[in-house]
1. Please go through the range 153-179 and pick out each residue that is open to solvent by 30 Å² or more (accessible area, probe 1.4 Å) and touching a Cys at 6+ places or on another chain (Cβ under 7 Å).
2. Quick one: in the range 17-46, of everything that is touching a Leu at 6+ places or on another chain (Cβ under 9 Å) and either farther than 23 Å from residue 71 by Cα or open to solvent by 40 Å² or more (accessible area, probe 1.4 Å) (or both), which residue is nearest to ligand 1 (Cβ to nearest atom)?
3. Kindly indicate whether residue 45 is at pLDDT 95 or above, assigned to a strand (DSSP E or B) and outside the structural domain of residue 118 (by TED's automatic domain parsing).
4. Determine which single condition residue 182 fails, assuming it passes every other condition in (1) within 16 Å of ligand 2 (Cβ to nearest atom); (2) open to solvent by less than 10 Å² (accessible area, probe 1.4 Å).
5. Name the residue that is least open to solvent (accessible area, probe 1.4 Å), counting only residues in the range 98-119 that are away from ligand 1 (no atom under 16 Å from the Cβ) and polar (S, T, N, Q).
6. Could you figure out which of (1) open to solvent by less than 30 Å² (accessible area, probe 1.4 Å); (2) away from ligand 1 (no atom under 15 Å from the Cβ); (3) among the aliphatic types (A, V, I, L, M) isn't true of residue 14?
7. Mind listing whichever residues of the range 172-191 are in a loop (DSSP other than H, G, I, E, B), among the aliphatic types (A, V, I, L, M) and in contact (Cβ under 8 Å) with a residue 60 or more places away in the chain?
8. Can you name the residue in the range 33-42 that is in a strand (DSSP E or B) and within 18 Å of the chain's Cα centre (by Cα) and is also nearest to ligand 2 (Cβ to nearest atom) among such residues?
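The values are calculated or read from the model by the stated rules, or taken from the named source; none is laboratory data. Nothing here was measured: the structure is a model prediction, and the numbers come from that model. Here the Cβ positions follow ideal geometry from the backbone for every residue, glycine too, while neighbour counts run over all protein chains shown. Ligands, DNA and RNA are stripped out before the accessible areas are found, and what is left, the full protein with its side chains, is counted by its heavy atoms. Shrake-Rupley method; radii C 1.70, N 1.55, O 1.52, S 1.80 Å.
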Amino acid sequence: MSFPSLPPAVPALVNRLAAGRPVHAVWVNELGGITFRIGSGAEFVKVAKPGSVDFTNEAHRLRWAARYLAVPRVLGLGVDHGPDGDLAWLRTGGLPGVSAVHPRWRTSPDVAVRAIAVGLRALHDRLPAPSCPFSWSAQDRLATLEPLRRADLGQPPPIDQLVVCHGDACSPNTLIDDMGRCCGHVDFGDLGVADRWADLAVATLSLQWNYPEYPGRCWEDEFFAAYGVTPDPLRIDYYRRLWQSEPNGSG
Ligand SMILES: Nc1ncnc2c1ncn2[C@@H]1O[C@H](COP(=O)(O)OP(=O)(O)O)[C@@H](O)[C@H]1O
Ligand SMILES: [Mg+2]
């Protein structure tokens with residue numbers, strides 16, 4: 001996943017939603033899905049091949065989480081049958097700040113790592129697990145894997161602390177304000193109740209490839225200190241292996 005180096009073509013649907021405002025591609029994911037910024041960030045539109053992603057899941061989760069956290073407001077979604085073929089789309093209101101992997105923060109990973117960790121802690125503390133209608137439990141995730149992969153992984157470790165997990169706590173999904181503080185989260189397609197280590201394992205794994213400007217530098221100590229937890233190697237290992245066994249598990 002990355003910032004597009006060559007701007008991808010803007011689908012007719014996105015130009016229609018932009019209604020004359022400028023459109024910029026800001027993100028291309030590993031499945032070919034693209035996120036476009038409209039105007040100077042008033043709105044964002046995610047598009048993807050239907051079947052590669054279910055934006056209905058993400059919209060449900062965003063609407064639920066919006067009561068407790070700064071998350072994008074859902075403005076619309078659907079499947080368009082236009083000149084660019086069939087396209088699933090999700091349109092949201094823009095949040096302030098920029099992604100933690102924006103070039104501005106790639107050169108200040110110490111600030112970004114702290115913001116990601118503090119932001120994830122706030123997310124875990126604020127979203128109420130007992131009333132959350134979505135699950136991201138290890139058992140549910142294991143059930144979607146092929147039997148051989150499931151057998152390789154073995155049984156999940158006992159739950160440390162059940163929270164509402166983000167579900168894709170990779171660095172790009174935290175937004176950071178001008179002061180270097182977390183000011184929101186995006187990308188909630190997998191939000192659900194799970195052991196907090198399911199998020200912590202992936203959040204720290206993704207630091208390794210999102211801040212490569214400092215080879216050999218590991219940001220995990222800073223991350224865990226800012227989140228406020230002692231690393232748990234067994235659970236980190238299990239949840240990283242589970243993530244990497246899933247189709248989207250490259251980060
Ligand atoms: N509503 C929004 N407000 C601000 N930035 C957004 C918004 N939606 C998406 N973005 C930006 O676009 C990027 C890609 O969006 P995301 O939902 O993470 O897509 P993907 O599922 O392809 O990872 C994010 O990292 C963020 O920088
Ligand atoms: Mg994302």
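1. Scanning the range 153-179 gives a single hit, 177.
2. By that ranking, first place goes to 44.
3. Numbers: at pLDDT 95 or above: yes; assigned to a strand (DSSP E or B): yes; outside the structural domain of residue 118 (by TED's automatic domain parsing): yes.
Yes, satisfied.
4. The failed condition is (2).
5. Within the range 98-119, the match that is least open to solvent (accessible area, probe 1.4 Å) is 108.
6. (2)
7. Matches in the range 172-191: 186, 191.
8. 35
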